[in-house]
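To start, the structure under review is shown below, and the notes come after it.
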Amino acid sequence: MVFTSFMEQALAEARKAGARGEVPVGAVVVSPEGKVVASAGNRTRELSDPTGHAEILAMREACTALGSERLPGHDLYVTLEPCPMCASAISQTRIARVYFGAADPKSGGVAQGPRVFDHPQSHHVPEVYDGISAEDSEALLKDFFAEKRS
C-alpha cells in the first residue's frame with residue numbers, strides 16, 4: 001500500500017481560514033478507504049465559539065456524515081499540532097492516525113505541553129506522525145501573525 005498524504009487539502013483549508021481572518025489552521029478527516037470525509041479550517045471568530053478549531057469542526061462533520069460519534073480507522077490531517085482540547089476530542093472519536101504539520105510549543109497538546117495521549121485517562125491513543133509539510137504550515141502561521149503585527 002502506498003502512503004498518500006492529504007496535507008495539501010488541510011493546507012488549503014488553512015489558507016481559507018487565514019483569508020477569513022482566522023488563525024490559519026486546516027484539518028481533513030480521511031476514511032479507511034482513503035476518501036476525504038470532511039474538512040474544515042478554524043472558525044472560532046466567525047462562530048464566536050472557542051471550540052471552533054479546525055480539528056473539532058472536521059471531526060463533527062465526519063461524525064455527522066457517518067451517523068456515528070466515533071471514527072475508528074480514520075485519519076486526521078491537521079496543519080498544526082492539536083491543542084489539548086482537540087487531542088482529547090481525537091481520543092474520544094477514536095481516530096486511528098493523526099498527521100500534523102507544525103509543532104506548537106505554546107499551545108500543543110500532543111508532542112508538547114500536556115501530551116494528552118500519554119495520560120492513562122486517554123481512552124484511545126492514535127498513531128501520531130509529525131512534521132508532515134511542516135515548513136508550509138509554519139510559513140502560513142508566521143506570515144499570518146507577521147501581518148497582524150504590522
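If you take the residues in region 76-93 that are in a strand (DSSP E or B) and touching a Gly at 6+ places or on another chain (Cβ under 9 Å), which one is most open to solvent (accessible area, probe 1.4 Å)? Steps first, answer last, please.
Residues of region 76-93 in a strand (DSSP E or B): 76-80.
In the following step, the residues that additionally are touching a Gly at 6+ places or on another chain (Cβ under 9 Å) were identified as 77-80.
Numbers: Tyr77: 3, Val78: 0, Thr79: 3, Leu80: 27 Å².
My answer is Leu80.
Let's see how each residue does on (1) surrounded by 15 or more Cβ atoms within 10 Å (Cβ to Cβ); (2) touching a residue at least 40 places away in the same chain (Cβ under 8 Å):
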site	(1), (2)
Gln9	yes, yes
Ala17	yes, no
Ser31	yes, yes
Lys35	no, no
Gly52	yes, no
Ile56	yes, no
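Every residue in region 32-73 that is assigned to a loop (DSSP other than H, G, I, E, B), closer than 23 Å to Ser137 by Cα and hydroxyl-bearing (Ser, Thr, Tyr), please.
Listed by number, the list holds a single entry, Thr51.
Please work out which residue is least open to solvent (accessible area, probe 1.4 Å), limiting yourself to region 66-75 and to residues that are of a type outside the set (Lys, Arg) and over 25 Å from Glu22 (Cα atoms).
Residue satisfying both the conditions and the ranking: Leu71.
Keeping to region 94-150, report how many residues are under 30 Å from Leu66 (Cα atoms), open to solvent by 60 Å² or more (accessible area, probe 1.4 Å) and small (Gly, Ala, Ser).
The total comes to 0.
Residues that are in a loop (DSSP other than H, G, I, E, B) and closer than 18 Å to Tyr129 by Cα: does region 12-21 have at least one? Before the answer, list the steps.
Of all residues in region 12-21, those in a loop (DSSP other than H, G, I, E, B) come to 20-21.
Restricting the remaining residues to those that are closer than 18 Å to Tyr129 by Cα gives none.
No, there is no match, as no residue in region 12-21 is in a loop (DSSP other than H, G, I, E, B) and closer than 18 Å to Tyr129 by Cα.
Filter region 37-50 down to the residues that are open to solvent by less than 80 Å² (accessible area, probe 1.4 Å) and of a type in the set (A, V, I, L, M), then identify the one that is nearest to Glu81 (Cα to Cα).
Selected residue: Ala40.
Which members of region 89-143 meet the condition of being among the hydroxyl-bearing types (Ser, Thr, Tyr) and farther than 18 Å from Pro32 by Cα?
Matches in region 89-143: Ser107, Ser122, Ser133, Ser137.
Can you find a residue in region 98-105 that is more than 15 Å from the chain's Cα centre (by Cα), over 26 Å from Gly21 (Cα atoms) and without any contact (Cβ under 8 Å) to a residue 40 or more places away in the chain?
No: zero hits.
The values are calculated or read from the model by the stated rules, or taken from the named source; none is laboratory data. Bear in mind the structure is a predicted one, so any value in this text is a computation, not a measurement. Because the Cβ atoms are built from the backbone with ideal geometry, glycine has one as well, and the counts that use them run over all protein chains shown. Each accessible area value is taken on the protein alone, full model and side chains, heavy atoms only, with ligands, DNA and RNA left out. Shrake-Rupley method; radii C 1.70, N 1.55, O 1.52, S 1.80 Å.
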